[in-house]
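Taking it in order: structure first as structure tokens, then the write-up.
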Amino acid sequence: MSGALATAERVRSGASSACEEVERVLAALAGEPYNAVTRVLAERARREAAQVDAALASGEDPGPLAGVPYGVKDLFDVDGLSTTAGSALYADAAPATADAEVVRRLRDAGAVLVATLNMDEFAYGFATINATHGTTRNPHDLARLAGGSSGGSAAIVAGGLLPFALGSDTNGSIRVPASLTGIYGLKPTHHDLPVAGTFPFAESFDDIGPFARDMADLLAVWQVLKGASAEDISAAPRLARLGGRFRQNVEAEQLAAIDAIAPDAPLVDLPDVARARSAAFLITAYEGGVLHREALARDPLGFDPQVRDRLLAGALLPAGLHDEAQAFRAAYKATIAALVADYDVLLAPAAPGVAPLIDDPVVAIDGERTAARATLGIHTQPITFLGLPSLAVPLRRPGRLPLGLQLIGKAGGEAALFALAARLEADGIIGWSEPGAGLAKQGAAA
Amino acid sequence: MRRPSFIPSIDPFLLCLIAVVTAASLLPVRGAAASAFDVLADLAIMLLFFLHGAKLSREAIVQGIGNWRLHALVLASTYMLFPATGLAVDAVAARWLNPLLISGVLFLTLLPSTVQSSIAFTAMARGNVAAAVCSASLSNLLGIVLTPLLVGLFIETRGSGHGFDWGAVRGIVAQLLLPFLAGHLLRPLIGAWVARNKQILMPVDRGSILLVVYSAFSAAVVNGIWKVLNLSDLAALLVLSAAILAVIMLANFAAARMAKLSREDTIVLLFCGSKKSLVSGVPMAGALFAPAQVGMVVLPLMIFHQLQLFVCAWLAARYARDPIAEPAAARAAVPVGEAQIAAVAKDRGLTIPAECERGVAANLALLADHAGRLRG
């Protein structure tokens, strides 16, 4: 399966048609082996593809993503469908009456929506273990987790079945699965990309962003979502490596890669990382609890067992604690902004190692076995807390389980991340590796 | 964990300043050498402002600039409350203190806030650093225009005839503003280099101040400063400086309470709103006053500057370790234990199903741990 720009080029040049591209993808999705897809939107996809082909036939420009198929995490509004956020509670909810804003932008750019994708219920988890739709599997090893909560979006792109997909990131839900499945995933500057028409989780941290297999595709999709071009960065970015907690609970190869990318860059210790992560936990739990309080009062057992206890606990937190955590956050953001003001990109691991096994979904943190669904975001959560943009990039290691890094920028500094990632990709340090034969392609027709 | 280094209780720079004043008193530079020193001091100041222009990051300013209420309070303190206090001191002390020293006291109240130490103290006290960067930078930039205007307004109108010349404003523009703008405009070319070599700023900062002070004090000594000044004058200056600082800090603290500022923003107002910049003040005095008067005019500023460093270092250290300054009213407990959980759940219209009780209790225990960690 080719990438987004290659597909658009084929369609725009007439070498292929949007309808042909979509039929090829629909056939592939029918037998996808990752349990990544929750709904195939064949009718809508064929309609949108036909519109792209008609536009081309009449000499109109269908947009930079002409005929490019894509999927969205199951929390984006899709006109005419219930927005379920991965929950059986909302399976029969009133259908959305319009597309989410970013889906509208992609449609206007010629992209074709073909599927909704699996996630942890209400995005509360880092594992994509879902009571209704099952667990999403990692294309590099079907016995392992894809990560979450946007695991369906990551797996379907990593497995080569779709060129790009959208996910959401509240504490690491794009970067963790991108890291575990070996693709690129962007959490933008907080609220830099529109979240209108998405099912919220914790509004203080919610963001949406794209997954792709290479930087050119990711940049092309980001430009459509943003509605603007990335600033042209010619100067070498000023790099720093995050130290302290960001150099613990990681694979040695992640640290070696960071040190190889920026051997002379200073090691910056962010103060109070553990405090920041605790504040993020409290804000997330409180806001999630408030959001679902009514449904929890009405039908607590209708929630996914993996999620309901956490949401119930959050619903019992005092508002004063949330205020306290937010006050700490405001001061913390200011302190860190001043501390890292002289750097364009900070380097850190994205997830604490390779994907955990589905049968043993635990991660060792400080030598203790902890639930993967709660702790895979140990390195992403403090960055979300700061509202900074962070691009998860895959270390290039064909034939081995993926490991990812975070390139973290200043607020609004995505362009520097893209420029550095493009350079590292050109140098062969990062890049998507095709999942091993016999694992990834079992059901793929491409 | 990295924190801004604690500012030592005895600032080594104070010792350098004392040494330079002593040197100028014993070996004042005269004649052609004095002129050469003046030119050297002017060039050092131009280089200083050029480098500050290249160093100033627009991003930090943009990040903090939204906090307009705080910035308004800081600017009001710097350019309204301070001058009003200076005028009051002028009215009270004019009868018994050397007129040039009184001008110096009034002059110091018209100066912008410091940038580096305001931010360092704010960071040390765990205040809102981005807002401090913004407030202090804004105050400093506005001071380039406002201070000469206020000096013209107040020092001239009080009729002391100290030789203020509006042409001096042009001197300020040429010596301070133009190098600053040149540095800032060249930031795309040299900003990265300056950022990488920040260590060059401190010697330029301090070296240029020492040069100006030496040059100014030499002129003052040649004109007989130590013949007209005595220990009682110095003691009076110390008392006046302490009184001004106390009035300003108490007023700012009251203003923060009235405006219901957060703890972090209160710290910014206290530190940015109560400080006066030696770095800006000395060259401005050089540009605004006759050379023979500069030594006397900057003497109150030097004393006030050291006093504010001592007081703010003490206050920042107290804020840094004082947990009472945290929003105590907002402290709220995570319910733990069967009875507490059931009571809070009932209060919120929730029923905890039997199969969820253990899980909810475990999650609340985890959240209680997080609350404990958040509170340090």
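The values are calculated or read from the model by the stated rules, or taken from the named source; none is laboratory data. What you are looking at is a predicted structure, and each value in this text was computed from that prediction instead of being measured. Glycine gets a Cβ as well: all are built from the backbone with ideal geometry, and neighbour counts include every protein chain shown.
Mind listing whichever residues of region B:22-37 are among the hydrophobic types (A, V, I, L, M, F, W, C) and surrounded by fewer than 20 Cβ atoms within 10 Å (Cβ to Cβ)?
Initial filter on region B:22-37 (among the hydrophobic types (A, V, I, L, M, F, W, C)): B:23-24, B:26-27, B:29, B:32-34, B:36-37.
Listed by number, the residues that qualify are B:ALA23, B:LEU26, B:LEU27, B:ALA32, B:ALA33, B:ALA34, B:ALA36, B:PHE37.
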Problem - Any chance A:ASP299 is more than 8 Å from chain B (Cβ to nearest Cβ), acidic (Asp, Glu) and either within 24 Å of the chain's Cα centre (by Cα) or closer than 27 Å to A:LEU142 by Cβ (or both) - result: no
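Filter the strands (runs of 3 or more DSSP E) completely within region A:301-379 down to those with at least 2 residues that are hydrophobic (A, V, I, L, M, F, W, C). Outline the logic, then answer.
Values: elements: A:345-349, A:362-365, A:368-371.
Hits in region A:301-379: A:345-349, A:362-365.
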Completion exercise
When restricted to B:LYS260, B:LYS276, the only residue of a type outside the set (A, V, I, L, M), part of a loop (DSSP other than H, G, I, E, B) and over 19 Å from the mean Cα position of the chain (by Cα) is B:LYS260
Problem - Residue count, region A:306-334 (criterion: facing chain B (nearest Cβ under 7 Å), of a type outside the set (Gly, Ala, Ser) and surrounded by 22 or more Cβ atoms within 10 Å (Cβ to Cβ)) - result: 9
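Does A:ASP99 qualify as being at pLDDT below 95 and either farther than 26 Å from A:ALA280 by Cβ or assigned to a loop (DSSP other than H, G, I, E, B) (or both)? So that I can check it myself, show each step before the final result.
Working: at pLDDT below 95: no; either farther than 26 Å from A:ALA280 by Cβ or assigned to a loop (DSSP other than H, G, I, E, B) (or both): yes.
For A:ASP99, the condition - at pLDDT below 95 and either farther than 26 Å from A:ALA280 by Cβ or assigned to a loop (DSSP other than H, G, I, E, B) (or both) - is not met.
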Fill in the blank from the handout: Across (1) loosely packed, with under 12 Cβ neighbours inside 10 Å; (2) more than 26 Å from B:GLN308 (Cα to Cα); (3) modelled with pLDDT under 60; (4) not hydrophobic (A, V, I, L, M, F, W, C), B:GLU59 clears everything bar (1)
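Answer yes or no as to whether A:ASP359 is away from every other protein chain (no Cβ under 13 Å), under 30 Å from A:PRO394 (Cα atoms) and either surrounded by 21 or more Cβ atoms within 10 Å (Cβ to Cβ) or not hydrophobic (A, V, I, L, M, F, W, C) (or both).
Numbers: away from every other protein chain (no Cβ under 13 Å): yes; under 30 Å from A:PRO394 (Cα atoms): yes; either surrounded by 21 or more Cβ atoms within 10 Å (Cβ to Cβ) or not hydrophobic (A, V, I, L, M, F, W, C) (or both): yes.
So A:ASP359 passes the test.
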